């Protein structure tokens, strides 16, 4: 068995490794899952080197693409969160200005009412 670090099994997320077969002095390497009753234990792919076996096991174009897209979306979401926080700050200031204008209008109306009463 190899000591190389490999990605987890694509079927069960279990530990994986390399099984080495030797026949008539020729070695063949097969990537397998160590979890019993997992589909990753069955293999018909044998390689001349451990490196080839590991590379094949670890090559998962769809998974790699999805992980990359997920990372991109998380980055976009992070930027959106920052923008939303800034927008909230602006809206809070606008709200404060709106309340100040409303208060000013109320005070002007009260002053006008008091002025009209005195006349």
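The values are calculated or read from the model by the stated rules, or taken from the named source; none is laboratory data. Owing to the predicted nature of the structure, the values given are computational and were not obtained by experimental measurement. Please note: Cβ atoms are built from the backbone with ideal geometry, for glycine as well, and neighbour counts cover all protein chains shown.
Values computed for the structure shown
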read-out: Qualifying residue in region 21-31 (condition: out of contact with any helix residue (DSSP H, G or I) (no Cβ under 6 Å at 6 or more places or on another chain) and either touching a residue at least 40 places away in the same chain (Cβ under 8 Å) or in a helix (DSSP H, G or I) (or both)); value: no
read-out: Candidates 33, 38 - the one that is within 18 Å of residue 10 (Cβ to Cβ) and out of contact with any strand residue (DSSP E or B) (no Cβ under 8 Å at 6 or more places or on another chain); value: 38
read-out: The one condition in (1) outside any strand (DSSP E or B); (2) under 30 Å from the mean Cα position of the chain (by Cα) that residue 43 fails to fulfil; value: (2)
read-out: Region 10-20, residues that are at pLDDT 90 or above, at negative phi and part of a loop (DSSP other than H, G, I, E, B); value: 12, 14, 15
read-out: Matching entry among 110, 106 (being at pLDDT below 90, farther than 30 Å from residue 10 by Cα and assigned to a helix (DSSP H, G or I)); value: 110
read-out: Residue list for region 38-47, filter: over 12 Å from residue 19 (Cα atoms) and at pLDDT 85 or above; value: 38
read-out: Unmet criterion (only one of (1) touching a helix residue (DSSP H, G or I) at 6+ places or on another chain (Cβ under 7 Å); (2) touching a residue at least 40 places away in the same chain (Cβ under 8 Å)) for residue 50; value: (1)
